[in-house]
Amino acid sequence: MDNFDVAWARGFGTLAAGHEPATAHTPFQSGSISKPVFALAVMKLAETGIIDLDTDVNSYLKSWQLTGKDGWQPRVTLRQLLSHSAGTTIHGFPGYPPSGPLPTIPQILGGVPPANTQAVVVDVLPGTQFRYSGGGTTIAQQVVVDVTGSPFPELMRELILDPVGMVDSGYEQRAPAGFARAARGHALNGVEMPGGYHVYPEMAAAGLWTTASDLALLGAEIMRTLRGDVSKLRLAPKTVSSMLRPQLPSQEIGQEFVGLGWFCAGKEQSFRFFHDGWNHGYVATMLMLPAVGKGAVVMLNSNQGWMLRGEIIAAVGREYGWPVLKNVPEISGVIPDAAYAASYESATGKIVVAREGNHLVVEFAGQRPLAVYPAAAGEFVATAINLRLRFADGDMPSELTLVTGSKTESFKRAD
């Protein structure tokens, strides 16, 4: 996206080994990018007064109820569910083979077979902290279905997909009618998945089939709405703007925080809102900079491509003159600050960071030192394996975050 519009879109590679080439109209599973698209629909319902973001969801739910324990009944709102602050469980969902059997949403929420996840419950005080919860998003899905009486895919098509012109997108499960031209998923072993993909009845959390082109159209419409242009989204600028504000007292503009559906970071020219996606066999990322009308969407049909997303985003950012963004990888020749060199500890162990020329080396217990290279301010990436270090701001970083594979862990400075 450039100048508040879609600059270009293109497909690379093939739908699967031996299949036809991917194009700009090839549908992929978007994973958790389904969530902010869904959040836009919730905001439409709230703007028209059909639902209220701050009402207890149990007053809306008809086919399932969120229950308490030991005589205590939690009060949970849509605002909390959309901002992952409701204290609900179940981080994400593995999906189901297309051959089934497939559970209903009440079965998934209750953890009843054939659901393959446990029941969604509240085990943290609602409204007090961030904890990512696909289970919470699935509660919100049932809320809008119970309130409107409409099948979820049809509701999303009516509220968001059709108005924006997202003709290659749908929340339908199983795959849309055009699956013959959709990208097949490939898990971490690089092998095409049996049946080509998994089915996600948890549609609001993970069920959107879409293209990079369609998501770029949506991103452009969101940015136009924010600056007050006539937008196909048919949402007020203040409504969309409210989605990009901290929802917890501990969060603030300038730091990374979660709004309503979107993650946000930076300020002024470098303020961006974004979301990543990870389904079994697919990864995706969507990032927008509304102050400058720029952004990008990347979708891949292999879980091995999870780090490639950031490399492509960084390349687009360099080409289109984006503001310098922290946490967008770009290996450079900058000599790292000596202040990073120290020992860091967590509950699971200790790592030692040292500086060597234009890079750092990290020593893990039982492993040879691993080289990591500057990617952005305070961030380093390895080229040997999928690993990233992110240091806290300050002259003497007090902690670092280690990301490797699907694991994220924080370490405190020990010396």
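The values are calculated or read from the model by the stated rules, or taken from the named source; none is laboratory data. The structure displayed is predicted, hence computed values, not measured ones. No Cβ is skipped: glycine too gets one built from the backbone with ideal geometry, and neighbour counts run over all protein chains shown. Accessible surface areas use protein heavy atoms only, side chains included; no ligands, DNA or RNA. Shrake-Rupley method; radii C 1.70, N 1.55, O 1.52, S 1.80 Å.
The solvent-accessible area of Ile253, taken with every protein chain present and a 1.4 Å probe, is close to 90 Å².
Once a ≥ b ≥ c are taken as the square roots of the eigenvalues of the Cα gyration tensor of the stretch 345-406, is the result rounded (a/c under 1.5), prolate (a/b larger than b/c) or oblate (a/b not larger than b/c)? Judged from the Cα gyration tensor, the stretch 345-406 comes out rounded (a/c under 1.5). For the stretch 46-89, the square roots of the Cα gyration tensor eigenvalues, ordered a ≥ b ≥ c, give a/c of at least 1.5 with a/b no greater than b/c, which places it in the oblate category.
Per the Cα gyration tensor, the chain maps to an equivalent ellipsoid with semi-axes of 33, 25, 23 Å, ordered largest to smallest.
Build a GNM of the chain with springs between Cα atoms under 10 Å apart, and of Thr225, Thr137, Thr148 the one that fluctuates most is Thr148.
Contact order, relative form, for the stretch 193-331: 16 percent (alpha carbon pairs under 8 Å, 6 or more residues apart, mean separation divided by residue count).
What a 1.4 Å probe finds exposed on the stretch 78-233 is 58% carbon and sulfur by accessible area, rounded to a whole percent. Overall, the accessible surface of the stretch 1-51 at a probe of 1.4 angstrom is composed of carbon and sulfur to the extent of 54 percent. Rolling a 1.4 Å probe over the heavy atoms of the protein chains gives the chain an accessible area of 43 Å² per residue. The calculated Kirkwood hydrodynamic radius for the stretch 15-56 is 13.3 Å, given to one decimal from all distinct C-alpha pairs. Using only alpha carbons, the stretch 238-344 has a radius of gyration to Kirkwood radius ratio (Rg to Rh) of 1.01.
Largest to smallest in accessible area, the residues Lys44, Lys232 fall in the order Lys232, Lys44 (1.4 Å probe, all protein chains included). Springs join every pair of Cα atoms under 10 Å in this Gaussian network model of the chain, and among Leu125, Leu325, Leu289 the largest mean-square fluctuation is at Leu125. As a ratio to 2.2 N^0.38 Å, the alpha-carbon radius of gyration computed for the stretch 1-122 takes the value 1.41. Short to long, the 5 Å bins of the Cα pair-distance histogram for the stretch 84-206 hold 2, 10, 17, 19, 19, 17, 10, 4, 1, 0 percent of all pairs. If you average the alpha carbon positions of the stretch 399-415 and of the stretch 1-30, how far apart do those two centres end up, in angstrom? One Cα centre to the other: 34 Å. Working from label points 7 Å from Cα in the Cα-to-Cβ sense, the Thr23 to Glu154 distance is 3.0 nm.
Highest GNM mean-square fluctuation, the chain, Cα pairs closer than 10 Å: which of Leu40, Leu260, Leu387? Of Leu40, Leu260, Leu387, the most mobile in the Gaussian network model is Leu387. Per residue, the chain reaches -5500 deg cm²/dmol at 222 nm when only DSSP H runs of four or more residues are counted, each adding -39500 (n - 2.57). Look at where the Cα atoms of the stretch 96-170 and of the stretch 53-84 average out, and the two centres are 14 Å apart. Remark: the Trp8-Gln118 segment gains 35.4 nm on full extension, using 0.36 nm per residue and subtracting the alpha carbon distance. Taking the stretch 248-275 and a reference point 7 angstrom along Cα→Cβ of Ile312, the backbone N atoms nearer than 15 Å belong to 275. Under the criterion of Cα pairs below 8 Å and six or more residues apart, the relative contact order for the stretch 173-260 equals 15 percent. With contacts taken as Cα pairs under 8 Å at a separation of at least 6 residues, the stretch 81-215 carries a relative contact order of 30 percent.
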